[in-house]
1. Of the listed peptides 69-82, 46-59, what is their order by residue-averaged count of other C-beta atoms within 10 Å, with the highest listed first?
2. What is the spin-label model distance, in nm, from ILE8 to LEU100 if the labels are put 7 Å beyond Cα along the C-beta direction?
3. Mind grabbing the accessible area of ARG101 for me, 1.4 Å probe, Å², rounded to tens?
Amino acid sequence: LGDASSKIRTQVVRTVLRSGTARRIHSPVPCAAQALVMAQIGNHDWPEEWPSLFDNLLACVRLTDAKLLHGALRCLSFFAPYISTDHIQMATERLSPELLRLFTSTTHSSRCVQCESGSRALYMSRRF
């Protein structure tokens, strides 16, 4: 079962991150549903069975690809309520600098992308 679970987690991550970059998906509903599935799996498997989940999402938040960034923030926003009190301090300490960077960043190519990133970062900061 462990190997099957690992394959499912890997496929979920690929699907969620790729859906954020697929041009044919114009509605946020499929992306949100996929992010919710990822959060539900994370709720059961993180950190014991899926220790790389938070690090993988955090790595996407650090990227300059806006769609991957927004997909990771969406996943984190659904995942945040499931983070236990044992792990919330670590998650907050590691995610807060990235959210602050999104608020103050001037590196995004368009003002619209920066504004959307800031909005998602603000939403995430309220979840933690």
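1. Details: 69-82: 21.8, 46-59: 15.8.
Descending packing order for the listed peptides: 69-82, 46-59.
2. 3.9 nm
3. Roll a 1.4 Å probe over it and ARG101 shows about 80 Å².
The values are calculated or read from the model by the stated rules, or taken from the named source; none is laboratory data. This one's a predicted model, so the numbers in the text were calculated from it and none came from an experiment. Counting neighbours? That spans all protein chains shown, and the Cβs are built from the backbone with ideal geometry, glycine included. Heavy atoms of the whole protein, side chains included, go into the accessibility calculation; ligands, DNA and RNA do not. Shrake-Rupley method; radii C 1.70, N 1.55, O 1.52, S 1.80 Å.
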